[in-house]
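Structure first, then comments.
The values are calculated or read from the model by the stated rules, or taken from the named source; none is laboratory data. Since the structure is predicted, the reported quantities are computational estimates derived from the model, not experimental observations. Here Cβ is always computed from backbone atoms with ideal geometry, including for glycine, and neighbour counts include all displayed protein chains.
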Amino acid sequence: MNENLTEKTKETHLIYDGRILHLYCDSVTLPDGGEATREYCRHNGGVCIIPVTDNGEVVCVEQYRYPHNEITLEIPAGKLESKDIDHKAAALRELKEETGAECDKLTYLGKIYPSPAISDEIIHIYMAQGLHFGDKRPDADEFIETEIIPISRLLKMINEGMIPDAKTQIAVLRANEILKAQV
């Protein structure tokens, strides 16, 4: 990486300190010596899990997303309570809460920066296999329905623009490559 592209923080100002989002406006020195401001959100991050059945189907969730005013089809996911929390444990928790499943095998598929221009949020992606189902335990303010969909159909839905959720798109694409190699 070219270190000559780095911006240096001069001052940091907290504008809004919410429960989930923390909005800042910083003064920075640019690589050429000029100055600028950067507005961004700090976020504790999250996890998402692509639960794959023995038949190559994915357990998805449907839920209402307020900012977009629509019901979306996604893989299970949740926010981290702090940046220091064990994201593997959080993934197992979200899998159980949203689908009722526990798994024999959990594979880390990497991390993504969903909105790197405006947020420091990191989402850690996992694939769960060897699923065993029990009761769901969604949060009190979480209303979700599960749907089991073949991964081949999810790929088609992604390519047709029917699944706008970025974490779901990336997880399905990564998991599909791993599943193809396991055959």
(request) Scan the stretch 112-133 and report the pairs whose first residue is more than 30 Å from THR37 (Cβ to Cβ) and whose second residue is in a strand (DSSP E or B) and acidic (Asp, Glu), with Cβ atoms within less than 6 Å and a gap of 6+ or a chain change. (result) GLY130/ASP104; HIS132/GLU102
(request) Taking the residues in the stretch 129-142 that are closer than 17 Å to ILE71 by Cβ and surrounded by 10 or more Cβ atoms within 10 Å (Cβ to Cβ) as candidates, determine which candidate is modelled with the lowest pLDDT. (result) PRO138
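So which strands (runs of 3 or more DSSP E) stay within the stretch 42-82 end to end and still have 1 or more residues that are small (Gly, Ala, Ser) and under 14 Å from the mean Cα position of the chain (by Cα)?
46-51, 77-79
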(message) One residue is enough: does the stretch 160-176 have a residue meeting the conditions farther than 29 Å from LEU21 by Cβ and free of Cβ contacts under 8 Å to residues at least 24 places away in the same chain?
(response) yes
(request) Please state which of the following conditions LEU95 fails to meet, knowing it meets all the rest: (1) closer than 25 Å to ALA140 by Cα; (2) in contact with a Lys or Arg (Cβ under 8 Å, 6 or more places away or on another chain). (result) (2)
(message) Out of the residues in the stretch 1-41 meeting the condition of being in a strand (DSSP E or B) and more than 28 Å from the chain's Cα centre (by Cα), tell me which one is surrounded by the most Cβ atoms within 10 Å (Cβ to Cβ).
(response) VAL28
(message) I'd like the residue in the stretch 68-91 that is surrounded by 17 or more Cβ atoms within 10 Å (Cβ to Cβ) and free of Cβ contacts under 8 Å to residues at least 40 places away in the same chain and, out of all such residues, is nearest to GLY161 (Cα to Cα).
(response) PRO76
(request) Name the one entry in THR37, THR6, THR53 that is touching a residue at least 60 places away in the same chain (Cβ under 8 Å) and of a type in the set (Val, Ile, Thr). (result) THR53
(request) Taking PRO114 as meeting all but one of (1) touching a helix residue (DSSP H, G or I) at 6+ places or on another chain (Cβ under 9 Å); (2) in a strand (DSSP E or B); (3) surrounded by 15 or more Cβ atoms within 10 Å (Cβ to Cβ), write down the number of the exception. (result) (2)
